[in-house]
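This report refers to the structure that appears directly beneath it.
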Amino acid sequence: MTDARELWQEQFEAATPRPIPFETMSGVPVDPVYGDGPFPGQYPFTRGLHPAGYRSRLWTMRMFAGFGTAEDTNARFRELLRHGGTGLSTAFDMPTLMGYDSDSEWALGEVGRAGVAVDTLADMEDLYAGIDLSAVSTSMTINGPAAILLAMYVAVAEKNGVSRSDLAGTIQNDILKEYQAQKEYIFPPRPSMRIITDMIRFTSAEMPRWHPVSISGYHIREAGSTAAQELAFTLANGFAYVEAALAQGQDVNQFGRRLSFFFNSHSDFFEEIGKFRAARRIWARWMKERYGATDERAMMCRFHTQTAGVSLTAQQPENNIARVALQAMAAALGGTQSLHTDSYDEALALPTEKAARIALRTQQIIAHESGVDLVADPLGGAPYVEWMTDEMERQAELVFAHLDQLGNGSLLEGVYAGIENGYFVGEIADAAYRLERHINAGDRIIVGVNAYTEGSEDDEAHLLRIESETEDYQRKRLESIRHDRDNDLVTRRLAAVTAAAEDPTVNLMPPIIDAVRAYASEEEIVNAMKAVFGVYVEKAIV
Amino acid sequence: MADTFNETRPIRVVLAKLGLDGHDRGIKIVARILRDAGMEVIYLGLRQTTASIVAAAEEEDADAVGLSMHNAGHLALAPKMLAALRDADLDVPLIIGGIIPDVDIPVLTDAGVAAILGPGAPAEQVVATVRNAVAR
Amino acid sequence: MTIRELDVDELFHAALNGNRRALGRLLTLIELGGSAADAIADQSFHRQHGVPVIGITGAPGAGKSTLTGQLLRTLPELGLRPAVIAVDPSSPLTGGAILGDRVRMDDVSGDHGFIRSVATRGHAGGLALSVPGCARLFDSAGYDPVIIETVGVGQVEVDVAGAADTTVVVVTPGWGDAVQANKAGLLEVADLFVINKADREGANDTRRDLELMLDLSHVSGQHQEYRPPIILTTAVDGHGVDHLWEAIVAHRSHLERSGELTRRRQARFRFEVMSRLNDHLSSMVDTITATIDDRSGRSPASLSAELLNSILAPDAGRLR
């Protein structure tokens, strides 16, 4: 046995396995890993983060949910937990994502549609009512106003007797990709970075089980990038956050452990698997060699995956169940830590309960019936997969070199420059256009869309409709909260947020937590920060 | 006397997204498609209001307004846009693109929307739709 | 009656009374050229007030649109009503264009201003006439000042810059932009330099480089009477924009005091007449030569001499 093997063996034996037989359906016992090192759990983690792979713990089945009022979403959360979901993932509506209250003129037609409406702490209380926050891990998908939502989560937990240090979860909080892809930004890049580094420092110290950033490639891919661009831009953003935190004097081993990632799982099976493996390898190398991490946990690219929303077709929607199954399988073979599977009816609207359940069942079938959980990195060593991993890495390194040069030796400055000169947005738009043309020309077949279209004229699946009652309800609620709260206190707390924003040596989290406790609304707190940070207006790059 | 410049001008289209919806992949592709078909695209992009779109349509003497919608807000937002165009006496066709369930198409058409384009509509269809809407 | 059914006089009347749609329509007619454009040119010529026309040019990414947006925001506070003509290149292959400048001007074109996006449409010559025509229309419709924004990398932009009384060249810190500007011949047309994104490293180095280039050009005879000032701005947050406006106003005073304004406007008037003549004549030439060939046995020299005589003959067709 080689040294690497021996070492791996030791680590493997230290892990506690799940109580299932590790044999195929036909009763054939299988090894936990095959092939050569570096083995799973060994630097640079190409083959996985944990020596036992899914034998010790399956990926978290974290289904994204959110719509209507907090009460509506709370019901869906409890439903998903009852059906076997093991983590919560919260989708917020557009006004909440953009820092507007439900009664803002920008909120018209949007309240409760793309996710749950949260205006004040009261909504947050309803959202997690009856759920033991010390027992679940919660993910919140929000970026611009992330500090405020995290503050609300902490405030709700503490009201329910759960200490902030016991809270496990993730907040997306990845503003760089907003300028590049999702466009849910509020403030300009540098002030936004300050907010994020404050949150990293705050959680490092007070919420050790919390991931303060989920560095995301999902949206970059949805916006039209290639797999290699998704990989490269995401990791580059990651390097940027690392450099920003280092510049603030934070310890790379401490905050590095809490950074996590979020990738897309798209339709080309092997490209995705190569991408996931390359991500781990690249991140580990850079964290160790470029940024000086010595704690292996700070070198680990732990990630959540979501199947590609943009691949779902409105035509013959049931086909999407097959698509999602394959994409989810790729993610499992790629070693994801947590997974969301899209519902088949999501091309047209938010998922119905039944469709969301089928999506969850898809994961459960893969986890329990396919045998993919028995062996770590089962495709490792396959010539195509190893080649693909290398190729993804090669393409990504070209991008890093470009950004490094753009930033005169700083990835952070390179990313700022790339945002400003439209590099990211332009590359993504070009890739999107190229793909569209291939599909148009019939070079690339999308079943049900440009081939095998028989059946596309069938009745539409029953769609989820969000009625406008949510908007009315939220408006009334805001009115009554504004009436009932201590408005002098709110004014003082908001002033404290503005003062903190003006002083870069002050951490923004504590004053924001104080403001949410006083039932200041999200928009009010955002405005208190806009006063200092200004707003971001993007250049039209098509 | 011969006219000194082009006799017919390119079709001018204002492209925008109303409100907070940030999915601009499709609208960017449409912008390129229309440019490649020889049209002039006044690209307003994200976070527009009915007021800013009306101002652009007036000032740019637009032949059509194209809105891209991905957040299920079309039933509220399309009528709002139509009303704003009417109030400004702007007799320009409104074309909506994006995620519109089939069942909503007649509703929008009855309200006055000139044409609706689904996601991933081929380039030829996009161009023909705009040209037809402008010709009417 | 819909806007498109009104004739030029009615449109003009409506535009002067504040109808923005009518003004938009008139601008289109100017771009199209032809008799409607000429009618508008006449009407606006007689109604113009001679408001300042400011050209803003520079490499892509220099922040021109953001700067213009800031001016649009601050000038109304001074009681002014600005109009902007934002020029962008058309695709040489397809003839289409994506015009995205107005986005950065941040939706301020409500009551206080007017923004019109113009594509080059492949013929620089045409632009050299239509843009001044649009500027004159804005002037006669009560807008003040008129700002013409172009991407300063070619001859088109230099030509269009000629339509302005004050030409502002925008660069950003770093050697590249200043060199580009020089190569494009913008140094000669610049009345004012702006170093935007002045919060970046290298702003002072760039200022020094520009001063050096100006020293050299001074030695070679240019910029003798008026040395272009260099203004530092950070357009995204508005820093320096008030200084920019002061410098523009100061340049305007210089133009008036020194008689340079009159000289420039005369030169532009001549250029406009010349451009129109050239256009008319070249289409006449196209028409005449469309059907000739070499079968008559005449040489090109003698054939053209004969055709020229027939054009210049007293009974030749009138131009209008």
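What follows draws every value from the coordinates through simple rules; no lab data is involved. Please read these numbers as outputs of a predicted model, since none were measured by experiment. A quick note on method: Cβ atoms are made from the backbone with ideal geometry, for glycine too, and the neighbour counts reach across all protein chains shown.
What is chain A by shape, rounded, prolate or oblate, if you read a ≥ b ≥ c off the alpha carbon gyration tensor as root eigenvalues and call it rounded for a/c under 1.5, prolate for a/b larger than b/c, and oblate otherwise? Verdict is rounded for chain A.
Count Lys and Arg as plus one, Asp and Glu as minus one, and take only other residues whose Cβ is under 12 Å from that of A:TYR43; the net charge is then +3. Packing-based ranking of A:209-222, A:247-260, A:474-487 yields A:209-222, A:247-260, A:474-487, ordered from highest to lowest mean Cβ neighbour count within 10 Å.
Magnitude of the charge dipole for the protein assembly as shown, about its Cα centre and with charges confined to Cβ atoms of Lys, Arg (+1) and Asp, Glu (-1), is about 1040 debye. Between C:THR291, C:ALA14, C:ALA141, whose Cα lies farthest towards the positive end of the dipole of chain C when Lys and Arg beta carbons carry +1 and Asp and Glu beta carbons carry -1, centred on the Cα centre? Among C:THR291, C:ALA14, C:ALA141, the one farthest towards the positive end of the dipole of chain C is C:THR291. Span-like helix check, chain A: qualifying full DSSP H segments, with Cα axial length of 24 Å or more and mean Kyte-Doolittle of 0.0 or more, are A:227-247. With a Förster radius of 22 Å applied to the beta-carbon distance between C:HIS280 and C:ASP7, the computed FRET efficiency rounds to 0.40. Approximating the spin labels as points 7 Å out from Cα along Cα→Cβ, the C:SER220-to-A:ASP295 distance works out to 6.2 nm. Spatial offset of the range A:225-255 relative to the range A:138-175 amounts to 21 Å, using the alpha carbon center of each. Exposure proxy shown here: for A:HIS266, B:HIS70, the number of other Cβ atoms within 10 Å sets the order, fewest to most, as B:HIS70, A:HIS266.
Converting phi to 3J(HN,Hα) with the Karplus coefficients 6.51, -1.76 and 1.60 and the offset θ = phi - 60°, the range A:109-123 yields x, 10, 5, x, 7, 7, x, 7, 8, 10, 10, 9, 4, 4, 5 Hz in sequence order, with x at every glycine or proline.
Averaged over the residues of peptide B:30-39, the number of Cβ atoms from other protein chains lying within 10 Å of each residue's Cβ is 6. Taking the centroid of alpha carbons for each part, the range B:1-74 and the range A:1-77 are 50 Å apart. Each peptide in A:274-280, C:292-298 receives the mean, over its residues, of other Cβ atoms within 10 Å, and ordering these scores from highest gives A:274-280, C:292-298.
A simple charge model with +1 on the Cβ of Lys and Arg, -1 on the Cβ of Asp and Glu and nothing else charged puts the dipole of chain A at about 1140 debye relative to its Cα centre.
Can you tell me which aspartates and glutamates have their Cα less than 12 Å from the Cα of B:LYS28? Leave out same-chain residues fewer than eight positions away. Counting by Cα, and skipping residues close in sequence, B:LYS28 has these aspartates and glutamates nearby: A:ASP430, A:GLU436.
Roughly how crowded by other chains is peptide B:84-91, in terms of the mean Cβ count from those chains within 10 Å of each of its Cβ atoms?
Mean shielding count: 2.
In this structure, the pairs whose alpha-carbon distance is over 21 Å, taken from A:LYS539/C:LYS64; A:LYS275/A:LYS354; A:LYS530/B:LYS80, are A:LYS275/A:LYS354; A:LYS530/B:LYS80.
Each part reduced to its alpha carbon centroid, the range C:197-216 and the range A:201-216 end up 43 Å apart.
Each of A:ALA451, A:ALA432, A:GLN474 was placed along the dipole of the range A:398-542 (beta-carbon charges, centred on the mean Cα), and the one lying farthest toward the positive end is A:GLN474.
Maximal additional length on extending the A:ASP251-A:SER165 stretch stands at 29.0 nm, based on 0.36 nm per residue less the C-alpha distance. Shielding value for B:49-62 is 6, the average number of Cβ atoms from other chains within 10 Å of each residue's Cβ.
Here the relative contact order of chain A, from alpha carbon pairs under 8 Å that lie six or more residues apart, stands at 19 percent.
Just from its helices, what would the mean residue ellipticity at 222 nm be for chain B, if runs of 4 or more DSSP H residues each count -39500 (n - 2.57) and the sum is divided by every residue, rounded to the nearest 500 deg cm²/dmol? Before the final figure, lay out each step's value.
Details: 5 runs with 56 residues, N = 136.
Computed mean residue ellipticity for chain B: -12500 deg cm²/dmol.
Per-residue ellipticity at 222 nm computed for chain A from its helices equals -15000 deg cm²/dmol, with DSSP H segments shorter than 4 residues left out and the rest contributing -39,500 (n - 2.57). Computed over chain C, the per-residue total of -39500 (n - 2.57) for DSSP H runs of n ≥ 4 gives a 222 nm mean residue ellipticity of -16000 deg cm²/dmol, rounded to 500. Each label was represented as a point 7 Å from its Cα along the Cα-to-Cβ direction; for C:ASN17 and B:ILE105 these points are 4.3 nm apart. Extending 7 Å from Cα along the Cβ direction at A:ALA75 and again at A:ARG5 yields two label points whose distance is 5.8 nm. Judged by the ratio a/c of the largest to the smallest principal axis of the C-alpha gyration tensor, the range B:12-121 counts as rounded, that ratio being less than 1.5.
For the peptides C:53-64, C:199-210, residues were scored by their other Cβ atoms within 10 Å and the scores averaged per peptide; the highest-first order is C:53-64, C:199-210.
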